[in-house]
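The values are calculated or read from the model by the stated rules, or taken from the named source; none is laboratory data. Because the structure is predicted, anything quoted here is derived from the model rather than measured. Here the Cβ positions follow ideal geometry from the backbone for every residue, glycine too, while neighbour counts run over all protein chains shown.
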Amino acid sequence: MIAKPGRADWILVALVSTMLVAGCAGSPVTPTGTGGSPDSPTREADDESVVPTGDEKLKQFDLNHDNKPDVWAYYTHGPKDPQGTQKSLVRKEWDFNFDGKVDIRRHFNFKGETVKDELDLDFDDRFDVTTFYRSSNKIRQEYDFNFDSKPDYWKFFENNVIARTERDRDFNGRVDRWEYYTGGNIERIGLDEDGDGQIDKWIQEERSE
């Protein structure tokens with residue numbers, strides 16, 4: 001059986017499509033949107049290429065009606081349910097460009113809160129943007145702008161508002177630019193000009209009242 005797409009899944013696909021356009025233009029992108037409901041009225045698809053691990057139960061869904069799964073939802077029992085009678089959604093994956101590869105992966109805790117998002121920007125089967133959450137609040141994002149499987153740009157958040165960024169501009173493994181924010185507005189920039197990983201120059205941002 002093949003499924004009708006859940007509305008939330010289509011919303012996520014549209015949002016990530018927009019983010020990928022921004023990402024290809026060289027601007028940082030922020031994975032947003034809500035996790036689609038795998039229990040929406042959909043038809044399930046069979047696919048042996050995606051196999052659940054351990055005691056996970058897999059549900060699969062077809063967004064574009066091509067008889068191939070595009071969304072995978074993984075369930076397992078929580079620590080308070082050792083017999084496994086109640087299954088919780090722990091991970092969900094989307095192939096939003098329908099090439100058979102996972103482009104987005106979202107992890108949940110047993111409270112149903114999002115704990116991590118992973119996004120593949122260039123369709124090479126490797127994740128380039130990772131967002132971390134605590135109590136469903138965004139706390140950190142890591143970006144791999146040169147697609148070498150190592151982060152080179154970091155965003156840090158307080159109460160879901162950006163507080164600081166760090167960037168390795170020359171991809172040598174050392175941060176060489178720091179940006180500090182107040183109330184979501186940039187206040188000052190620190191630069192490493194000699195490559196030793198230490199701030200050598202401060203730039204104070206002027207804000208018009």
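What is the one condition in (1) under 13 Å from the mean Cα position of the chain (by Cα); (2) outside any loop (DSSP other than H, G, I, E, B); (3) free of Cβ contacts under 8 Å to residues at least 60 places away in the same chain that TRP202 does not satisfy?
All conditions pass for TRP202, except number (1).
Looking at segment 89-118 only, could you name the residues that are touching a Phe, Trp or Tyr at 6+ places or on another chain (Cβ under 6 Å) and not charged (D, E, K, R)? Full working, then the answer.
Going through segment 89-118, the residues touching a Phe, Trp or Tyr at 6+ places or on another chain (Cβ under 6 Å) turn out to be 89-91, 93, 103-104, 114-116, 118.
Answer for segment 89-118, where residues must be touching a Phe, Trp or Tyr at 6+ places or on another chain (Cβ under 6 Å) and not charged (D, E, K, R): LEU89, VAL90, ILE104, THR114, VAL115.
Can you confirm whether segment 73-90 contains a residue that is part of a loop (DSSP other than H, G, I, E, B) and crowded, with 21+ Cβ neighbours inside 10 Å? Show your work before the answer.
Restricting attention to segment 73-90, the residues satisfying the condition of being part of a loop (DSSP other than H, G, I, E, B) are 78-86.
Right, trim to crowded, with 21+ Cβ neighbours inside 10 Å and you get none.
No.
State whether the residues of segment 122-137 include one that is in contact with a Gly (Cβ under 7 Å, 6 or more places away or on another chain), within 21 Å of GLU93 (Cα to Cα), outside any loop (DSSP other than H, G, I, E, B) and among the hydroxyl-bearing types (Ser, Thr, Tyr). Explain how you work it out, then say what you get.
In the first step, residues of segment 122-137 are kept if they are in contact with a Gly (Cβ under 7 Å, 6 or more places away or on another chain); the result is none.
The answer is no; no qualifying residue exists.
May I ask you to list the residues in segment 87-104 that are aliphatic (A, V, I, L, M) and in contact with a Leu (Cβ under 9 Å, 6 or more places away or on another chain)?
The answer is ILE104, and nothing else.
Starting from residues that are at pLDDT 95 or above and of a type in the set (Lys, Arg), keep the ones in segment 104-117 and report whichever is surrounded by the fewest Cβ atoms within 10 Å (Cβ to Cβ).
LYS116
Across segment 118-168, what is the total count of residues that are surrounded by fewer than 16 Cβ atoms within 10 Å (Cβ to Cβ) and either among the β-branched types (Val, Ile, Thr) or farther than 26 Å from GLU187 by Cα (or both)?
Of the residues in segment 118-168, 13 are surrounded by fewer than 16 Cβ atoms within 10 Å (Cβ to Cβ) and either among the β-branched types (Val, Ile, Thr) or farther than 26 Å from GLU187 by Cα (or both).
Can you find even one residue in segment 169-192 that is in contact with a Phe, Trp or Tyr (Cβ under 7 Å, 6 or more places away or on another chain), in a loop (DSSP other than H, G, I, E, B) and surrounded by 12 or more Cβ atoms within 10 Å (Cβ to Cβ)?
Scanning segment 169-192, I find no residue that is in contact with a Phe, Trp or Tyr (Cβ under 7 Å, 6 or more places away or on another chain), in a loop (DSSP other than H, G, I, E, B) and surrounded by 12 or more Cβ atoms within 10 Å (Cβ to Cβ), so the answer is no.
Kindly provide the set of residues from segment 149-163 that are part of a strand (DSSP E or B) and either in contact with a Gly (Cβ under 7 Å, 6 or more places away or on another chain) or within 29 Å of ASP125 (Cα to Cα) (or both), ordered by number.
Step one: list which residues in segment 149-163 are part of a strand (DSSP E or B), which gives 153-158, 161-163.
Residues satisfying the conditions are TYR153, TRP154, LYS155, PHE156, PHE157, VAL161, ILE162.
Any residue at all in segment 146-169 that is touching a residue at least 60 places away in the same chain (Cβ under 8 Å), in contact with a strand residue (DSSP E or B) (Cβ under 8 Å, 6 or more places away or on another chain) and not β-branched (Val, Ile, Thr)? So that I can check it myself, show each step before the final result.
Narrowing segment 146-169 to residues touching a residue at least 60 places away in the same chain (Cβ under 8 Å): 153, 155.
Still in the list and also in contact with a strand residue (DSSP E or B) (Cβ under 8 Å, 6 or more places away or on another chain): 153, 155.
After this cut, where a residue has to be not β-branched (Val, Ile, Thr) as well, the list is 153, 155.
Yes - at least one qualifying residue is present in segment 146-169.
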